Amino acid sequence: MAILKTTKRVILGALKRTGAFSWMRERQWRADRLLILGYHSISFEDEHEWDPSFSMPASVFEARLEMLRSGGYSVLPLHEALSKLYSNALPPKSVAITFDDGLYNFYARAFPILRKYGFPVTLYLTTYYCHNNLPVFNLICSYMLWKRRRTIVVPNPALGLNSPIDLATYSSRCRAWDNISAYTEQNRLTAVQKNELAKAIALHLELDYESIASKRLCHLMTPDEIKEVSRNGVDIQMHTHRHRITMDQSLFEREIYENRSKIQELTGRQAKHFCYPSGVHRRPYLSWLSDQGVTSATTCDPGLAHAKSNPLLLPRILDASHISHIEFESWLTGVSAFIPRNPLLKRLQ
C-alpha cells in the first residue's frame, strides 16, 4: 500500500509541474462543483500518530487553511454552499469545511485556527457524550492499546481479553478492541460501566488512566463549550445521538429525534443537515431522513458535489495526516476526480 501511495504522489507532483493543477482549478468544471472537506480531530499530542486517518497536527491543519486562502478558494457556510450549488450560482473554487463528532480538540485546537482565517465551519455533533462528560469509550480504548503497542497483553477474561495479544501491529490491536467491544455488548454495559472497564483496561496495560482522561484527548465538548462556539458562528448539525446507525427504522428515527432535540436545546436552532456516522449509508435511509425533514446528508465517499448530486448522498474528502499536501491540493483543484482509484488506494483515502 505504501508503494501505491508513493506512486500516486509522484504522479500528482508531475501533473502539478506540467500546470495541470492551475489549469483545472480555473476551469468551469471546477466552478460548477463544491468540495466538502471533512475532519475529525486536531491532535493535542500524539493522536495523529495513533490514527493518521483520524487526526492531524494543528500545524498541518493551519497549512491546509493557508492553501485555501492563498489559492483564492471561496470558503462558504455549508447551507449557503448547498443553496448555491443547486441553483447553479456557486462562486469559483467553492469549498465547505465540516467537522464530525464534536471532540474537545475542535474547541481547543481547530476553532481558534478557523477564527484566525475567518472561515465558516459546520460541526456534525454526536450529542450523547456531551452531557455525561466521559471519554468516548471506543476512542480511549483504541488509544490506550496503541500506547502499549510494544507489549504483549496477558489474558484477562474480566476485560474481554481471553488470550495473549501482541499489540505490535494495527491488525492485532483491532483484534484486541473487537474482543473488548464484544464483551461490552454481551454484558450490556452502560456508559458509566464502560468507563469503569476502560479504567480497568488501563490498569491492566499499566497506564495512568486519570492522566490520559484529564487531557480530554477522547472527550467531546461540554454543553457550555458547544453553546460558546455556536454563539461564535459555528453551524451545529446532526450526526446521531449515540454515533450509531441501524436498519431498524424506529431506532434510526429516534437517533435523529434525540440528536436534533439536544442540538436545539444547546443552540436554539433546528438542525436540518446530517452526516452519516462512519459514512455508512443505505438506500432506506434516504426516505427516512427525508421524512424527518433532513435536507442534506454527507458521506465519506470521495468526490466533488455538483448540481445533479443527490443532496442526501453528498461526497466529501476526509482530510487527515495520511493525506499529503499534494493530494490535498489535487482535490482542491479537482484533478484527483479524474485519477482512477485503485481499490487499495481507495481504502487509504
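Computed from the coordinates by the stated procedures, all read-outs in this text should not be read as laboratory data. The structure displayed is predicted, hence computed values, not measured ones. In this analysis, Cβ positions are derived from the backbone assuming ideal geometry, glycine residues included, and neighbour counts consider all displayed protein chains.
Could you work out the relative contact order of the chain, using alpha carbon pairs under 8 angstrom and six or more residues apart, expressed as a whole percent?
Values: 563 pairs, mean separation 81.4, N = 349.
Computed value for the chain: 23 percent relative contact order.
Nothing charged except the Cβ atoms of Lys and Arg (+1) and of Asp and Glu (-1): what's the magnitude of the dipole of the chain about its Cα centre? Round to the nearest 20 debye. Kindly include the intermediate steps, with their values, before the conclusion.
Working: 43 positive and 33 negative charges, 216 e Å.
The calculated dipole for the chain is roughly 1040 debye.
Efficiency by 1/(1 + (r/R0)^6): what FRET value for Ser250 and Arg17, r their Cβ-Cβ distance, R0 = 56 Å, to the nearest 0.05?
0.50
Any idea what log10 I(q)/I(0) is at q = 0.08, 0.10, 0.13 Å⁻¹ for the chain, Debye with uniform C-alpha scatterers and no solvent?
-0.41, -0.64, -1.08
In debye, nearest 20: dipole of the range 199-349 around its Cα centre with unit charges on the Cβ of K, R (+) and D, E (-)?
Working: 19 positive and 17 negative charges, 90 e Å.
About 440 debye.
For the peptides 247-256, 77-86, what is the packing order when you average, over each peptide's residues, the other Cβ atoms within 10 Å and list the highest mean first? Provide the component values of the computation, followed by the final result.
Numbers: 247-256: 14.6, 77-86: 18.8.
Final packing ranking: 77-86, 247-256.
If amide hydrogens are placed 1.01 Å from N in the peptide plane, which non-local residues have theirs closer than 5 Å to the one on Leu304?
The answer is none.
Could you line up Tyr257, Tyr143 from fewest to most neighbouring Cβ atoms inside 10 Å?
Numbers: Tyr257 12, Tyr143 19.
Result, fewest neighbours first: Tyr257, Tyr143.
Work out the FRET efficiency for Ser70 and Val280 from their Cβ-Cβ distance, taking R0 = 35 Å, and round it to the nearest 0.05.
Working: r = 36 Å, r/R0 = 1.02.
That pair, Ser70 with Val280, gives E of 0.50.
Pick out, from Gly160, Leu139, Ala202, the residue whose Cα sits farthest towards the positive end of the charge dipole of the range 134-214, with +1 on the Cβ of Lys and Arg and -1 on the Cβ of Asp and Glu.
Leu139
By its C-alpha gyration tensor, with a ≥ b ≥ c as the square roots of the eigenvalues, how is the range 134-214 shaped: rounded for a/c under 1.5, else prolate for a/b larger than b/c, else oblate?
Working: a/c = 1.66, a/b = 1.16, b/c = 1.43.
The shape class here is oblate.
Based on alpha-carbon centroids, what's the gap between the range 1-40 and the range 199-252 in Å, whole number please?
Going from one Cα centre to the other spans 33 Å.
Taking the Cα centre of the range 178-305 as the origin and placing charges on Cβ (Lys, Arg +1; Asp, Glu -1), which of Ile245, Pro223, Trp288 is farthest toward the positive end of the dipole?
With unit charges placed on the Cβ atoms, the residue in question is Trp288.
Calculate the dipole size of the range 134-214 relative to its Cα centre from +1 charges on Lys and Arg beta carbons and -1 charges on Asp and Glu beta carbons; express the result in debye to the nearest 20. Walk me through the numbers on the way to the answer.
On the way: 9 positive and 7 negative charges, 36 e Å.
That gives a dipole near 180 debye.
Using a Förster distance of 35 Å, how high is the FRET efficiency between Arg175 and Ser290, based on the Cβ-Cβ distance and rounded to 0.05? Don't skip to the answer; put the middle values down first.
Numbers: r = 39 Å, r/R0 = 1.12.
According to the calculation, E is roughly 0.35.
Just to check I understand the Karplus step: with θ = phi - 60° and J = 6.51 cos²θ - 1.76 cosθ + 1.60, what whole-Hz values come out for the range 124-136, glycine and proline as x?
7, 9, 8, 8, 4, 7, 5, 8, 8, 6, 10, x, 5
Kindly work out what percent of the DSSP beta bridges joining two residues of the chain are antiparallel, to the nearest 5. It would help to have the intermediate numbers written out before the result.
Values: 5 of 30 bridges.
About 15 percent, rounded to the nearest 5.
At what distance in angstrom do the alpha carbon centres of the range 258-329 and the range 102-133 lie from each other?
Distance between centres, Cα-based: 16 Å.
Tabulate in residue order the Karplus-calculated ³J(HN,Hα) for the range 93-109, using 6.51 cos²θ - 1.76 cosθ + 1.60 with θ = phi - 60°, rounded to whole Hz; enter x for Gly and Pro.
Couplings: 6, 6, 9, 10, 10, 10, 10, 9, 5, x, 5, 4, 5, 4, 5, 8, 10 Hz.
So what is the 222 nm mean residue ellipticity for the chain from helices alone, if each DSSP H run of at least 4 adds -39500 (n - 2.57) and you divide by all residues, rounding to the nearest 500 deg cm²/dmol? Mind showing how you got there, number by number?
Working: 17 runs with 164 residues, N = 349.
Helix-only estimate at 222 nm: -13500 deg cm²/dmol.
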